[in-house]
Amino acid sequence: MSDISPASRLEGAVARRRGAKAVSFFEFWPGFVFYAPVVVFWIFQALRHRSLTLPALTNPRIEAGGICGESKNDILDLAGPEARRWISPYVGITTQAHAGPADLIMAEAAMAEAGLSYPVVAKPDMSCNGCGVRLVETSAALGRYLAAFPRATRLQLQALATDEGEAGIFYIREPGAAKGRITSVTLKYAPIVTGDGRSRIRDLIAADDRLNAVSHLLLEKLGAEAARVPAAGERVRLVFVGNHCRGSTFKDGRHLITPELTARIDAIARDIPEFHFGRFDLRFASTNALRRGEGFSIIEVNGAGSEATHIWDPETSIIEAYRTQFFHYGAAFRIGAVLRAQGVKRYGAWRLLRAWQRQKALMALYPSND
């Protein structure tokens, strides 16, 4: 893949015109169908290791190892000085017990103390799949977001990383190993259309194979905006959250793995205490810089509940997808077993269930995402 530039964000569309698949046949299967073999594999591993929740030990300093119920702020707060210089600046806040102007006053004071200015990305402290994430460009917009947010609940305000490239890098380090390794790189392309001065946004979506295939996701979110006619040359980003189930295109980026990138990610991961298994989501300036382990900002660190998301590349076979899933979840069980043997306290199944229920309940209350 060539270095990313403003024009190359259309690379996915160009590739499709050359005959590549727009959507894999399993990409939008219901979750209970696609993950059924993964559940069977998990149960097999649980019987083998005599623990259903062993992966919750993979990152002992993170709630449930990052399977669910973890705090985004707490994870980033663990970062030492080496890791922190690669993380996009952020601040964690908690909404007041009662809605009112105090929320905005408190939030903007926290932003000022952290050196943040608009635009910022507002995101729930406990969430997944981009739920509740919104780009906030003005004080009024932040006030509306906070007013819609659950009471006495934590969230995060983070500086907007403006680099064009977006990627997810999966990292694994066996306990006691001198070095970790990158096992997956996913390049993420947000759904974008370019206006011709005549066509509505919905018509531009219909003219693109990939976007038309996920139009049910995009049009519902766009609402009346779908009828707007963008000016010639105007590029319209249809969603903000880089998630394949919300319309983004994911491409396998493992060809970008180099010794330099591996060394950089390893140094960052080792500066997060007891972090062994998870995915770094980041924005980057160019693929050449990323290969050198330079020019990127981490926007989120995910633990044991994260995926090696290159499996959602439309060109990935279902055999490769399951092979990848089994490899990573197998590694999570192996790491958990080693840490259990070293004395890390077990994480009970009921405790994990309660964490999942708490997260699910909160996600139902968050404002809609961009």
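Which order do the peptides 32-44, 184-196 take when ranked by the mean count of other beta-carbon atoms within 10 Å per residue, highest first?
Values: 32-44: 13.2, 184-196: 21.2.
Packing order, densest peptide first, comes out as 184-196, 32-44.
Determine how many Å³ per residue the convex hull of the Cα atoms of the chain encloses. Working shown, then result.
Details: hull volume 51.6 nm³, N = 370.
For the chain, the hull spanned by Cα atoms encloses 139 Å³ per residue.
How high is the relative contact order of the chain? Use alpha-carbon pairs under 8 Å, at least six apart in sequence, and give a whole percent. Intermediate results must be reported in sequence, preceding the final value.
Values: 697 pairs, mean separation 100.6, N = 370.
Reported as a whole number, the value is 27 percent.
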### Query
Of LYS21/LYS188; LYS123/LYS360; LYS123/LYS221; LYS123/LYS179; LYS188/LYS360, which ones are farther than 20 Å apart at the Cα?
LYS123/LYS179; LYS188/LYS360
### Message
What does the net charge come to around ASP203 if you take all other residues with beta carbon closer than 12 Å to its beta carbon, with K and R at +1 and D and E at -1?
### Response
+2
### Query
Hey, what did the stretch 244-333 get for relative contact order, percent, Cα under 8 Å, at least 6 apart?
31
### Query
With the dipole of the chain worked out from charges on the C-beta (+1 for Lys and Arg, -1 for Asp and Glu) around the Cα centre, which of ALA341, SER297, PRO55 lies farthest toward the positive end?
ALA341
### Query
If each residue's Cβ is checked for other Cβ atoms within 10 Å, how do TRP86, TRP350, TRP356 rank with the fewest at the top?
TRP350, TRP356, TRP86
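Rounded to the nearest 500, what is the chain's calculated 222 nm mean residue ellipticity when only DSSP H runs of at least 4 contribute -39500 (n - 2.57) each, over all residues?
Values: 14 runs with 134 residues, N = 370.
Mean residue ellipticity, 222 nm, calculated: -10500 deg cm²/dmol.
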### Summary
When LYS251, LYS21, LYS360 are arranged by how many other beta-carbons sit within 10 Å of their Cβ, fewest first, they go LYS360, LYS21, LYS251
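Please list 334-340, 309-315, 143-149 highest first by mean number of surrounding beta-carbon atoms within 10 Å per residue. Write out the running numbers ahead of the final one.
On the way: 334-340: 20.4, 309-315: 22.1, 143-149: 17.9.
Packing proxy ranking, top to bottom: 309-315, 334-340, 143-149.
Treating only the Cβ of Lys, Arg, Asp and Glu as charged (+1, +1, -1, -1), what charge dipole size does the chain show about its Cα centre? Round to the nearest 20 debye. Walk me through the numbers on the way to the answer.
Details: 46 positive and 37 negative charges, 197 e Å.
Around 940 debye, computed over the chain.
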### Task
First check a/c for the stretch 323-370, with a ≥ b ≥ c the square roots of the eigenvalues of its C-alpha gyration tensor; if it is under 1.5, answer rounded, and if not, answer prolate when a/b is larger than b/c or oblate otherwise.
oblate
### Task
Whole Å is fine, so just give me how far the alpha carbon centre of the stretch 89-111 lies from that of the stretch 234-296.
30
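Read-outs throughout are calculated quantities, based only on the coordinates presented, and are distinct from any laboratory measurement. Only a predicted model underlies this, so the values are computations on that prediction, with no experimental measurement involved. Using ideal geometry, Cβ is built from the backbone for each residue, glycine included, and neighbour counts are taken over all protein chains shown.
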